[in-house]
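Report on the structure given below.
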Amino acid sequence: MRRLPPLNALRIFEVAARTSSYAAAAAELGLTHGAVSRQIAGLEHWLGQRLFVRAGRRMVPTQAALVFASEVSLSFDRVTAAADACGRPSARRILRVSAPSTFAMRWLIPRLEHFHAERPEVEVAVTTTTTLHDELRGGFDVAIRRGSAEQNTWPQHHAMHFLDEADTLVMSPALFERRPVRKLEDLLHHTLLTSETRPGDWVDWLDKAGLSHMAGHRRRIFDHFFVTLQAVVDGLGVGIGPLPVLGTDVAAGRLMTPFPGILVPRTGYVALVPFDADKTTSLTAFIDWLVAEGVV
């Protein structure tokens, strides 16, 4: 008979050690501060040594506690993977993914068949947000947002960078045929299409192209980028669009890039997994797949 420490206390301890805060652990787990404190005190009694010490008004983990928490976390991951592997082979597993609308339509969804071919037992349910910075309200297994993967940028989530992005000029081949853009000055004969959600795109690109004097050129403004993008595809003007997100449109001939060498680097995309998410093999496989697709 194995002499195991109390498993619920281990779960609470792992979160408290990872966040270095009883209060943060309580918020993540939906418990009171007192409940976290009692569970950790019980685990300390079982182990016969302190795991947290007071630093000012906070309780912080000892070095031994951090090492122990790392091992506990790995053990939980292994238990989750084992449970996932021992489940019914024919059972469908639903993976809930939250992503910005344009990214979902132009990059993620066209590639999902590749993932389904590798993991046919996983059903990916995609929900979209209207802006890149919509609040992370939960209800997902992984969220895709544009931003940095640096520590503390997303306080309640693990962040994994998987895709770089750069803006360039885009237009429809039909509009190019009617009114070619072969040199930068040809833009003077076109309407610039832009979005309220991406107000600086044209300013940055014109500056990169040495055309800052065109900042006041006539424009047509739409509320969201996916509306602007449709206007570009319909030949109503020229726009600024992200690559490689629009790579499938360029490859399919729906869009073209007259000046592909003039690129404005943007913050790339990250995959965000809540700290308290079940780290199933399906979730791990999806994150690995995103990273692999992002470097293609």
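The values are calculated or read from the model by the stated rules, or taken from the named source; none is laboratory data. Note that the coordinates shown come from a computational prediction; the quantities given were computed from them, not determined experimentally. With ideal geometry, Cβ positions are generated from the backbone for all residues, glycine too; neighbour counts draw on all protein chains shown.
Can you pull out the residues in the range 1-29 that are charged (D, E, K, R), surrounded by fewer than 18 Cβ atoms within 10 Å (Cβ to Cβ) and outside any loop (DSSP other than H, G, I, E, B)? Within the range 1-29, just ARG11 meets the criteria. Right, PHE226: among the aromatic types (Phe, Trp, Tyr), outside the structural domain of HIS157 (by TED's automatic domain parsing) and not in a loop (DSSP other than H, G, I, E, B) or not? Criteria met by PHE226.
For the range 252-259, does any single residue satisfy the condition of being closer than 25 Å to GLU185 by Cα and among the aromatic types (Phe, Trp, Tyr)? Checked against the condition, which is being closer than 25 Å to GLU185 by Cα and among the aromatic types (Phe, Trp, Tyr), the range 252-259 yields at least one hit. Of all residues in the range 41-61, those being free of Cβ contacts under 8 Å to residues at least 24 places away in the same chain and either charged (D, E, K, R) or in contact with a strand residue (DSSP E or B) (Cβ under 6 Å, 6 or more places away or on another chain) (or both) number 4.
Of all residues in the range 136-148, those being closer than 18 Å to ASP276 by Cβ, in a loop (DSSP other than H, G, I, E, B) and modelled with pLDDT of 80 or more number 2.
For every residue, the table says whether it meets (1) β-branched (Val, Ile, Thr); (2) in contact (Cβ under 8 Å) with a residue 40 or more places away in the chain; (3) farther than 30 Å from ALA27 by Cα.
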| site | (1), (2), (3) |
| --- | --- |
| LEU95 | no, yes, no |
| LEU108 | no, no, yes |
| PHE140 | no, yes, no |
| ALA149 | no, yes, no |
| THR168 | yes, yes, yes |
| SER172 | no, yes, yes |
| LEU188 | no, no, yes |
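On inspection, THR32 fails the criterion of being buried (at least 16 other Cβ atoms within 10 Å of the Cβ) and of a type in the set (Val, Ile, Thr).
Yes/no matrix, rows are residues, columns are (1) in a loop (DSSP other than H, G, I, E, B); (2) under 30 Å from ARG182 (Cα atoms); (3) in contact (Cβ under 8 Å) with a residue 40 or more places away in the chain:
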residue: GLY253; (1), (2), (3): yes, yes, yes
residue: GLY261; (1), (2), (3): yes, yes, no
residue: PRO265; (1), (2), (3): no, yes, yes
residue: VAL270; (1), (2), (3): no, no, yes
residue: VAL273; (1), (2), (3): no, no, yes
residue: ASP278; (1), (2), (3): yes, no, yes
residue: ALA285; (1), (2), (3): no, no, yes
residue: TRP289; (1), (2), (3): no, no, yes
residue: ALA292; (1), (2), (3): no, no, no
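Here's the yes/no breakdown for (1) closer than 14 Å to ALA166 by Cα; (2) of a type in the set (D, E, K, R); (3) in the same structural domain as TRP107 (by TED's automatic domain parsing):
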{"position": "PRO180", "(1), (2), (3)": "no, no, no"}
{"position": "ARG220", "(1), (2), (3)": "no, yes, no"}
{"position": "LEU236", "(1), (2), (3)": "no, no, no"}
{"position": "GLY247", "(1), (2), (3)": "yes, no, no"}
{"position": "ARG254", "(1), (2), (3)": "no, yes, no"}
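Going through GLN151, GLN156 one at a time, which residue ends up being at pLDDT below 90, touching a helix residue (DSSP H, G or I) at 6+ places or on another chain (Cβ under 9 Å) and polar (S, T, N, Q)? The unique qualifying residue is GLN156.
Condition check ((1) on the phi > 0 side of the Ramachandran plot; (2) hydrophobic (A, V, I, L, M, F, W, C); (3) surrounded by fewer than 17 Cβ atoms within 10 Å (Cβ to Cβ)) across all residues:
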position: GLY216; (1), (2), (3): no, no, yes
position: GLY235; (1), (2), (3): yes, no, yes
position: GLY239; (1), (2), (3): no, no, no
position: VAL245; (1), (2), (3): no, yes, no
position: ALA251; (1), (2), (3): no, yes, yes
position: THR267; (1), (2), (3): no, no, yes
position: PHE275; (1), (2), (3): no, yes, no
position: ASP278; (1), (2), (3): no, no, yes
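Residues that are hydroxyl-bearing (Ser, Thr, Tyr) and either within 14 Å of the chain's Cα centre (by Cα) or closer than 30 Å to LEU95 by Cα (or both) within the range 248-281 comprise THR248, THR267, TYR269, THR280, THR281, listed in sequence order.
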